[in-house]
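Asks: Below is the structure I would like to discuss, written out as structure tokens.
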Amino acid sequence: MAGPRPRRGRGREIYREGGAPRHGLLGRSGGAPNGPPPAYLGRVPTVELTSHLVAFFPALRGGPLSVEATTVAEVVRALEALAPGFAFYVCDEAGRLRQHVVVYVGDERIKDRGTLSDPVGPAARVLIVQALSGG
């Protein structure tokens with residue numbers, strides 16, 4: 001069986017994690033895939049989204065994504081390449097993170113909501129959460 005197939009996204013390779021379809025908080029992923037993780041995991045950041053974000057951007061469906069990025073801003077640009085409109089959905093006109101969106105790198109909430117310059121390590125887990133409000 002061949003390795004993972006890269007998806008091209010404006011000059012960067014974006015990988016989808018293999019495995020069976022999954023459902024839950026993180027779009028289609030509620031946890032680790034069955035079996036060992038693909039070899040490319042651990043070399044690039046892994047991005048997970050809440051199911052609400054995946055509902056608005058079906059191109060991001062299928063579980064955690066691995067993207068080449070060194071900052072949160074680069075993660076958002078990589079997701080924009082896959083799902084046009086994503087960056088404006090999570091960021092305002094000035095590029096600042098919107099009020100009801102939270103981004104975690106590892107277990108830490110990012111500090112720079114203005115320029116998204118927080119570093120993202122090569123094996124980091126990035127979680128993008130859209131808070132729901134209203135009644």
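The values are calculated or read from the model by the stated rules, or taken from the named source; none is laboratory data. None of these values were measured; they are calculated from a predicted model. Every residue, glycine as well, gets a Cβ built from its backbone with ideal geometry; the counts of neighbours run over all protein chains shown.
Asks: Report, by residue number, each residue of region 92-106 that is more than 16 Å from E80 (Cα to Cα) and either in contact (Cβ under 8 Å) with a residue 40 or more places away in the chain or under 15 Å from the mean Cα position of the chain (by Cα) (or both).
Replies: Of everything in region 92-106, those that are more than 16 Å from E80 (Cα to Cα) and either in contact (Cβ under 8 Å) with a residue 40 or more places away in the chain or under 15 Å from the mean Cα position of the chain (by Cα) (or both) turn out to be V102, Y104, V105, G106.
Asks: Which of (1) under 16 Å from F56 (Cβ atoms); (2) of a type in the set (A, V, I, L, M); (3) surrounded by fewer than 19 Cβ atoms within 10 Å (Cβ to Cβ) is the odd one out, the single condition A123 does not satisfy?
Replies: (1)
Asks: Any residue at all in region 69-89 that's out of contact with any helix residue (DSSP H, G or I) (no Cβ under 8 Å at 6 or more places or on another chain), surrounded by fewer than 16 Cβ atoms within 10 Å (Cβ to Cβ), closer than 13 Å to V129 by Cα and not small (G, A, S)?
Replies: Checking region 69-89: not a single residue is out of contact with any helix residue (DSSP H, G or I) (no Cβ under 8 Å at 6 or more places or on another chain), surrounded by fewer than 16 Cβ atoms within 10 Å (Cβ to Cβ), closer than 13 Å to V129 by Cα and not small (G, A, S).
Asks: Within region 42-67, take every residue that is surrounded by fewer than 18 Cβ atoms within 10 Å (Cβ to Cβ) and in contact (Cβ under 8 Å) with a residue 40 or more places away in the chain and give me the one that is nearest to the chain's Cα centre (by Cα).
Replies: G62
Asks: Same structure, new question: What's the number of the only condition in (1) at pLDDT below 90; (2) part of a loop (DSSP other than H, G, I, E, B); (3) closer than 22 Å to L132 by Cα that H52 fails to meet?
Replies: Of everything listed in (1) at pLDDT below 90; (2) part of a loop (DSSP other than H, G, I, E, B); (3) closer than 22 Å to L132 by Cα, H52 misses just condition (2).
Asks: Let me ask something additional. Could you tell me which of the residues A83, A131, A123 is small (G, A, S), touching a Leu at 6+ places or on another chain (Cβ under 9 Å) and within 21 Å of H52 (Cα to Cα)? It would help to see each step written out before you state the result.
Replies: Numbers: A131 fails: touching a Leu at 6+ places or on another chain (Cβ under 9 Å); A123 fails: within 21 Å of H52 (Cα to Cα).
On inspection, the qualifying residue turns out to be A83.
Asks: What residue, among those in region 111-135 that are of a type in the set (A, V, I, L, M, F, W, C) and over 16 Å from V67 (Cβ atoms), is modelled with the lowest pLDDT? Steps first, answer last, please.
Replies: Of all residues in region 111-135, those of a type in the set (A, V, I, L, M, F, W, C) come to 116, 120, 123-124, 126-129, 131-132.
Imposing the further condition that a residue be over 16 Å from V67 (Cβ atoms) reduces the set to 129, 131-132.
Values: V129: 95, A131: 83, L132: 76.
Filtering first and then ranking leaves L132.
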